[in-house]
Each structure stands twice: as C-alpha cells, then as structure tokens.
1. How many residues are basic (Lys, Arg) and part of a helix (DSSP H, G or I) if we restrict to region 366-385?
2. Just a yes or no: is a residue in region 116-125 at pLDDT 95 or above and either closer than 10 Å to LEU164 by Cβ or among the polar types (S, T, N, Q) (or both)?
3. Only one residue in ALA388, ALA424, ALA409 is surrounded by 20 or more Cβ atoms within 10 Å (Cβ to Cβ), in contact (Cβ under 8 Å) with a residue 12 or more places away in the chain and in a loop (DSSP other than H, G, I, E, B), so which one is that?
4. Kindly indicate whether GLU281 is under 17 Å from MET129 (Cα atoms), in contact with a strand residue (DSSP E or B) (Cβ under 8 Å, 6 or more places away or on another chain) and acidic (Asp, Glu).
5. With respect to LYS262, is the statement that it is open to solvent by 70 Å² or more (accessible area, probe 1.4 Å) and under 19 Å from GLY294 (Cα atoms) true?
6. Scan region 61-86 for residues that are hydrophobic (A, V, I, L, M, F, W, C) and under 16 Å from ALA18 (Cβ atoms) and report the count.
7. Looking at (1) of a type outside the set (A, V, I, L, M, F, W, C); (2) out of contact with any Phe, Trp or Tyr (no Cβ under 6 Å at 6 or more places or on another chain); (3) at pLDDT below 95; (4) surrounded by fewer than 17 Cβ atoms within 10 Å (Cβ to Cβ), which is the one condition that is false for ASP250?
8. Can you list the strands (runs of 3 or more DSSP E) lying wholly within region 216-315 that have 1 or more residues being out of contact with any helix residue (DSSP H, G or I) (no Cβ under 7 Å at 6 or more places or on another chain)?
Amino acid sequence: MKHITRFENQKVLVIGLAKSGESAARLLAKLGAIVTVNDGKLFEENRAAQALLEEGIKVICGGHPLELLEEEFAYVIKNPGIPYTNPMVAKALDKGIPVLTEVELAYLISEAPIVGITGSNGKTTTTTMIAEVLNAGGQAALLCGNIGFPASSVAQEATAEDVLVMELSSFQLMGVEQFRPNIAVVTNLIPSHLDYHGDFDAYVAAKWQIQEQMTTEDTLILNMTQEIARDLAAKTKASLVPFSSQEKVDGAYLKDGVLYFKDEAIMSADDLGVPGLHNVENALATIAVAKTMGVANQAIVETLSHFGGVKHRLQYVGEINQVAFYNDSKSTNSLATQKALSGFDPAKVLLIAGGLDRGNEFDDLVPDLKGLKQMMILGESTPRMVRAAKSAGVPYVLAEDVADATKKAFELASPGEVVLLSPANASWDMYANFEVRGDSFLATYEALKAEKQ
C-alpha cells in the first residue's frame, strides 16, 4: 500500500464500527493517526470495540456524546449507514471537520487501479461478473467495497499488479473527496433510499460522485437505455463508453439476441448463465469493462456462460419435484422485481412479495404482475401489495413470513413452475436485512427438500 503521511499525528474520529469502521480504525492507526472510535453499541456487547481497545485504540461506546467533538478532530470517518442528520455528524460538519467514508481511505492508499461500480440495481451482480471475467482473463481482480469486503482492508494488501473491483453505494460516495477510479460503471438510476437522501436529485448527485475526479484518461461506462444517463453523459470529463439493451451504441449493446462490443459479436444472450434482461444489461456493462481492459473474448464468453449469479440476487437455489426456486431477496424496489420477473414466463411464476411499508403504492409493478400464477404477500406493505395484485388480476394468499410464504407457494406449484422470492420491498419490518430474509427462504427450501426425499 502507499504509505501516506496525511493522517500522521492527526486526531481522527471514526463514528460507527461494523466491518468498514473497524477496518478504517486499524488502517488509520497504522498510518500514524491518533484514533478515537465511537460506536452506539454498548462496550460489553461490542467485540470489535473490545478488540480495538486491546490494540491501543481509544473507544467510546454506548452513545454518541456531542462533547466528544470538543477534542478538535482533524477528520471524521463515518460509517456509510449513519445519516448526515445524525447530531454528531451534523456538528462535525458545522465545525468544518471533513467527514469521509472508508472508501476514500482505500483510494488514498491503493497501489492498484480501481474499477468502481455503482447504481440502483445490479451493482453486486455486475461487480461479481467483472471480477470473475477479469480473473479469467489473467488479471488479479480483488472484490471489495459494499459487496462485503472493506475496501480499506483489501487495498492494504493489493499491489500495482492487482485490480480493485469495488462496489460503491450512494452512502459511501457521499463521503469522498479525491476518490478517482480508473473505470467507473453506473448500472442504472431509479429513486431509491429517498428516506436517507431526501429526494431523487440528491440521490443521483451522490451516485454521480463516482466520476467527480475523473479525467479523459479514465473511462465511464453508462447505461444509455435511461434518459437520465444520456443527460449525465454530457456532464463528465471522463471518456464515455455506453452500453444499451435497446439500441446500437458506440460501446456494448444487444442486437438480435446477440451481445456486441463496437460491431464485434461477443456471445448470444441466450448463453448467459443467468436469466432476464437485467442480467443482459449487467453482462453488457461487464463486457464494456473487460474489452476496455483488454480481456480476450474467450475469457468473457466462458465466464458469462457459466456465471451462476450471486447469493440473494436472482440466485438459482434448486428444484424440488421439478419446481424451481429462485432467491432474489436483494430486490428491495419495484424495478428490481420487474427485472427479475422479465426472465420468466409469468404464468409459471409464484411470487413472494411484500415487506417494509415506505408509503409507496405499486402501480408501476402492476403490468409486470399480470399473468402471474399466484402471489404470496407478507409484511407491512401487505395492503398496498394486495391492491397491486387485485389490479393485476392475480390470485394471492397472505403469509406470516418468508418461511410460511415459501411453504404455501410450493403447495400451490406444479412441475415446471417457479417459486420466486422477489419482494419489491426492504426487509426491515421483519428481518435485520435482505440477507437474513433470503437465508430464511434458503433454509425453508432445504427443509422442504428434506421432507420430499
């Protein structure tokens, strides 16, 4: 890693632990900073804080005392999930203290080039696709960022011979200043996390931070099926490589069922290892990165043909009595569920949907629900999802939770049909996160499979 002196002998406050905060605290200490960690979880229940204290790092747990900021910190490193309205963060900003996120630290120390991927949907799948294709092409790609591996930890081990393939959330990108990827991908932009950002413009502005420091020497890959992307394309200094599933562009595109890059046929869309138009777009973005980085077509085709998806992202789970199960728990909005449904014959789909009630109706989802065999509806948003089911003319049953919904779906399913968990809602009304929700689906599948054996 690069041994920078920016933080040497500087007081730095890390707010919020989790994986990224713990990684940031250790890195800052290694860089010579005087680190204080502040986490809301009680010290007695906080293993990460206990470990950091044993390493000589000051920890303050159980709350966020505002008087802590009287210590005149030079920097604050914030957990991405902590909103800027948090009193501690707001006070730091009022005092003029730079508030950064851990990915900025990763960039500052990284010897490796960075491929950064953001967007509303598809970024985890696209990030994984890109890493697998680059590795197949002989380049040492390391996954990191929002995908679950703290960027600042991975960057410490990476060399100039590696490539950091970094998934980036809007929360992370709000806290960058110098961050500059060599290649950036924006998969798509739809209203999301508005409870955090306030409105769509603020959300887009956060995502657009990914390219803020890029120059003509860098490459920005944009989904040109969206009007907003076409508008944004005129507002970057980066060299643009577009991709589109709807028309020919000067980049990666779909034409007559074939994926092309600049007039060169790469592979048939039917040969992709994962279904759905959204995965075609993920593959097009991946092809754009791979070709930009000089990966051979053979490595691209072999990898994308055998790509099996990502856990909780339209993950093929298996079959019981010829009924297929797909786990798309990551679908936390209507567009994600629309894209999941696009890969199947609706008449053969039994959809499990519903979750946290954010106050939105599902009128935009109704056209995609039409023709479904059955819906299993659960969670706080049940009344709104029921209205959508009725509008689409789809029969539905109510379920207590994902396990109950999965069992009911299997009871109603016939051979050749699909049980699809694609909730179109966040999970927090019933589950800690979408992974826990998806794991319940997986566990229920395994239990049903054992019963039938």
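The values are calculated or read from the model by the stated rules, or taken from the named source; none is laboratory data. Here the structure is a predicted model, which is why all the values come from computation and not from measurement. All Cβ positions, even for glycine, are placed from backbone atoms using ideal geometry, and neighbour counts span all protein chains on display. For accessibility, only protein heavy atoms count, side chains too; no ligands or nucleic acids. Shrake-Rupley method; radii C 1.70, N 1.55, O 1.52, S 1.80 Å.
1. Qualifying residue count, region 366-385: 1.
2. yes
3. After applying the criteria, what remains is ALA424.
4. yes
5. yes
6. Of the residues in region 61-86, 4 are hydrophobic (A, V, I, L, M, F, W, C) and under 16 Å from ALA18 (Cβ atoms).
7. (3)
8. Details: elements: 219-223, 239-244, 252-255, 258-261, 264-268.
Hits in region 216-315: 239-244, 252-255, 258-261, 264-268.
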